[in-house]
1. How about segment B:30-77: which of its residues are within 20 Å of B:Ser212 (Cβ to Cβ) and of a type in the set (Phe, Trp, Tyr)?
2. Taking A:Thr96, is it of a type outside the set (Gly, Ala, Ser) and either in contact with a helix residue (DSSP H, G or I) (Cβ under 8 Å, 6 or more places away or on another chain) or open to solvent by less than 10 Å² (accessible area, probe 1.4 Å) (or both)?
3. Please go through segment A:137-165 and give me each residue that is open to solvent by less than 10 Å² (accessible area, probe 1.4 Å) and assigned to a loop (DSSP other than H, G, I, E, B), ordered by number.
4. Of the residues A:Lys371, A:Lys393, only one is of a type in the set (Lys, Arg) and within 14 Å of another protein chain (Cβ to nearest Cβ); which?
5. Within segment A:390-398, is there a residue that is part of a helix (DSSP H, G or I), touching a strand residue (DSSP E or B) at 6+ places or on another chain (Cβ under 8 Å) and among the basic types (Lys, Arg)?
6. Among the helices (runs of 4 or more DSSP H) confined wholly to segment B:224-323, which include 3 or more residues that are open to solvent by 10 Å² or more (accessible area, probe 1.4 Å) and away from chain A (no Cβ under 14 Å)?
7. Can you tell me how many residues within segment B:132-142 are out of contact with any strand residue (DSSP E or B) (no Cβ under 8 Å at 6 or more places or on another chain) and either within 14 Å of another protein chain (Cβ to nearest Cβ) or among the β-branched types (Val, Ile, Thr) (or both)?
8. Quick check, is B:Ala198 in a helix (DSSP H, G or I), at pLDDT 90 or above, buried (at least 19 other Cβ atoms within 10 Å of the Cβ) and in contact with an Asp or Glu (Cβ under 7 Å, 6 or more places away or on another chain)?
Amino acid sequence: MSLRRRRFLTVMFLIFVLLLSGCWSRREIDDLAIVTGIALDLGPDNKVHMTIQLVKPEVLAKRAQGGGGGGNADKAYWLLESHGLTFVDAVRKFNTLSPRQLFLAHNVIIIFGEDLARRGIASTLDRISRTKNLRRTIWVMVAKGKAREVLEAELEPEYLSAVAIGHMIEGREVYSQSYGIDLKDFLRVLTGSSPNPVASRIELRKEFTNREFWEVDEDGQGEAGQGEEDAKEHINKEARTQGREQAKKSVVLTGAAVFKKDKLMGWFDPTETRGLLWIQGKMRRGIIIINGPEGEKMAFESIRSKSEVVPKIHQGKLIMRVKIDEENDFAEDMGFVPLTPENIPGIEKKIAAAIQKDIEAALRKGQKEYKSDIFGFGAAVHRKYPQQWKAIKGRWEELFPQLEVQVEVKSKIRRRGMSTEPPKPGGKE
Amino acid sequence: MEKGKITARQAMLLIIVAILGDGIFFLPTFVAAQAKTDAWLSFLLGSILGLLLTGIIIKLGLRFPDKTVIQYSEELAGTVVGKLLGIWYIAFFLVTTSYLTREFGEFLTTVVMPETPILIFMIFLSIAYSYAVYGGIEVMGRVAEFLTPIYIFLLIVMMGLSVKDMNLQELTPVMGNGIGPVIKGSIPPFAWTANVSAMLMLIPFINQPEQSKKASYMAVGVVGLLFVVNTMQAIAVLGAQEVARLEFPFFHLAATVRVANFLERIDALIMIVWVTGDFIRACVFYYVGLLGLSQWLKLKDYKPLVLPMSLLLVSLGIVQFDSIMEIHTWGGQGYPFYALSVEAGIPILLLIIAWVRGKSSRV
């Protein structure tokens, strides 16, 4: 290789290096506005109003270092609202409001306002599933009331309500009175043969979180001296402002939002939600409270469960059988009755009855009131009797509310935690 | 002409990725649109058909272990018919190269860089495969030996991570609509596994031609297995209707992976799989097409053709389709039949002629 050729190659390689550093679609991190939550509401003008929560990384960094001290002065996020005839129109319009480009890949939740959800969300979901950066692991939820307000909620100790709500949904399985579904599963159910999804329900609570400050304020006049009085006055003042600062909205995540096709039908309360979770086999852990042998309360923690939905055609009539097998830990005893192999079967029956009650509540509302097959009974028939399903598919909406559902629950008590008996005062005779 | 030799193992590794390359990304959508929850059965059926075809291809190839299909087609079918069959075969491989050069760009513009002109991706891919093809079969063989294990490892990692998101009841009812949709759906997978017909050109360059039989069966077997498992998973995680609706289901499968809050957003790995797969697929198709063309024209060497032909193919890739809708419609409905007419039609025809005329170059 001659020297000239080598030089030529070196220059060429250097040019390539220049090309490497840049490409068309590059985006630098400090030009990006990272979206953590999206709220969609139906505006009075019938347009989709979209609110997004954007992170201020600078504030987060400052807080992490323990600096600042501004306290509530600088929030770690800002909200932007835009509206458009369609979802994508609203999204792109943000570029007229935000100095930074939207970055959707780290979004955690998408909240639909009640009004919008009642009108139907299929068209909005279309756009969402076309968007390449919006991942299908985001949580889908419906707000009772306006979705926008949920993004403004404050959830200590997190700085970003959307992220905090994401954590709450992940932690729901400890109590199992709320529903959680991600976009991927929501779409899977919506396009399946029982196209009635269920989403999380989130509600805003307007509540003062720090009541003590207000009590101090009320009986603040004491026998204290002047100097102390001043100090107290000062404290009160601070407490009052702080109290007001903290008198922010908080959210509560209970129940479920029930859809029929893509339209919101209504809400499930925690009991009905739990019934639904039992049927769907999504129950993880939950507290079951029954009345013990002496009328005292006994609490059990369900730790493991399995459900099976089996359709049966009996004398030409379709019957659904829901079979549930579940195991409990003995969690709490308000009386002083120890569990013995003799009384366990009776108590197990009571637990099963309590679960059955949850399930019946869910069925009553879902089947009779909303007439929405969220339980996946239609899909179960499709799976087991594909031929017959073709015949009744068209009439399923009429058939479903009259469907006979047999519920069978088998409960077992397995363990009792770290002690054998309640701490009876004076001990056992 | 080509003087290099590869091992049967290298040929196998080349064929595996040549089939999976774009198949694993595009096929599930085509097939699920027909067969819905039974798409995995379609893949199974398509792969079994592919294995049967492999038998025919190998039988023909090993009758003439020192010649390529272009060379013996004239000998078998006479000059005119032989030449026509030859150009039919060559054109298919070249057209497919341009088709997948376009696909390569479509995927990247859709998924990662929407503003970048698609031509840029296509040119870069064509530079890469032209370079490899220019290097010859030995270079390609070594590339495959290096990249294919990584490729398959990544596929298996991604599949493994989404096991926990599977809802097995989504796979039922099995054949709820009878076997009709399954058969209809099996045509694209059959057309893809039939890519093993590239062996008709590769056999003379394998150092021990007899081993190409086992290598080909292995290649189609591995591909079939990965196809079936991948499709089952896509349906179980995303739902059959969603698979039929999504542009790239496999991408979503990886993008929804979420393990214990720390292992998520692994879709960058998808890019590695896509780029590697498409690159090797393009290498194989381009090589087979070019070498065939130079033999068809009775040239001394195929290398002078590499650059001009790649320019043609990139341009063809651009003018061939207006939109991804056209690509998908052609890919799912027209292309498989075209592919099978070449990949299955030519070897079956030639094998029958060889039998009837009792021709063979084996001593």
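1. Listed by number, the residues that qualify are B:Phe64, B:Tyr72.
2. Numbers: of a type outside the set (Gly, Ala, Ser): yes; either in contact with a helix residue (DSSP H, G or I) (Cβ under 8 Å, 6 or more places away or on another chain) or open to solvent by less than 10 Å² (accessible area, probe 1.4 Å) (or both): no.
Judged against the criteria, A:Thr96 is not a match.
3. A:Ile138, A:Ala153
4. A:Lys393
5. No, every residue in segment A:390-398 fails to be part of a helix (DSSP H, G or I), touching a strand residue (DSSP E or B) at 6+ places or on another chain (Cβ under 8 Å) and among the basic types (Lys, Arg).
6. Ranges flagged: B:267-296, B:303-320.
7. Going through segment B:132-142 one residue at a time, the tally reaches 2.
8. It is false that B:Ala198 is in a helix (DSSP H, G or I), at pLDDT 90 or above, buried (at least 19 other Cβ atoms within 10 Å of the Cβ) and in contact with an Asp or Glu (Cβ under 7 Å, 6 or more places away or on another chain).
The values are calculated or read from the model by the stated rules, or taken from the named source; none is laboratory data. What you see is a predicted model, and the numbers here were worked out from it, not measured in a lab. We place every Cβ from the backbone using ideal geometry, glycine too, and count neighbours over all the protein chains shown. Ligands, DNA and RNA are stripped out before the accessible areas are found, and what is left, the full protein with its side chains, is counted by its heavy atoms. Shrake-Rupley method; radii C 1.70, N 1.55, O 1.52, S 1.80 Å.
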